[in-house]
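For reference, the structure discussed in these notes is given below.
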Amino acid sequence: MDTWKSATQRGLVSGASAASAVACFVDYRMTPDRLKSGYEQRLSRPSLALVYGAFGLGLAAGALLCRRGQAGAKRRESG
């Protein structure tokens, strides 16, 4: 059971990382300059990397909390 749980968590974290990478690509490669917010002119590249890293961590944390809430609800229903 623990192996499945850790594999699921790794999958959620890697999925969140991929979503963050896609968001960064779309924001800075596919969006026309006139529609960009201008953060890339104010922040350094390492700072932008931290922003997108925090975005990915937030996505993963939210997904893990949702899973935890669903598991707790199932236990309450069956118990």
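The values are calculated or read from the model by the stated rules, or taken from the named source; none is laboratory data. The shown structure was predicted, so the numbers you read here are calculated from the model rather than taken from an experiment. When we count neighbours, we look across all protein chains shown, and the Cβ atoms used for this are built from the backbone with ideal geometry, even at glycine. Note: areas computed on protein heavy atoms with side chains; ligands, DNA, RNA excluded. Shrake-Rupley method; radii C 1.70, N 1.55, O 1.52, S 1.80 Å.
Tell me yes or no: at least one residue of the range 7-14 is surrounded by 10 or more Cβ atoms within 10 Å (Cβ to Cβ) and outside any helix (DSSP H, G or I).
no
What is the one condition in (1) of a type outside the set (Asp, Glu); (2) free of Cβ contacts under 8 Å to residues at least 24 places away in the same chain; (3) open to solvent by 60 Å² or more (accessible area, probe 1.4 Å); (4) within 26 Å of residue 67 (Cβ to Cβ) that residue 25 does not satisfy?
If we test residue 25 against (1) of a type outside the set (Asp, Glu); (2) free of Cβ contacts under 8 Å to residues at least 24 places away in the same chain; (3) open to solvent by 60 Å² or more (accessible area, probe 1.4 Å); (4) within 26 Å of residue 67 (Cβ to Cβ), just (4) comes out false.
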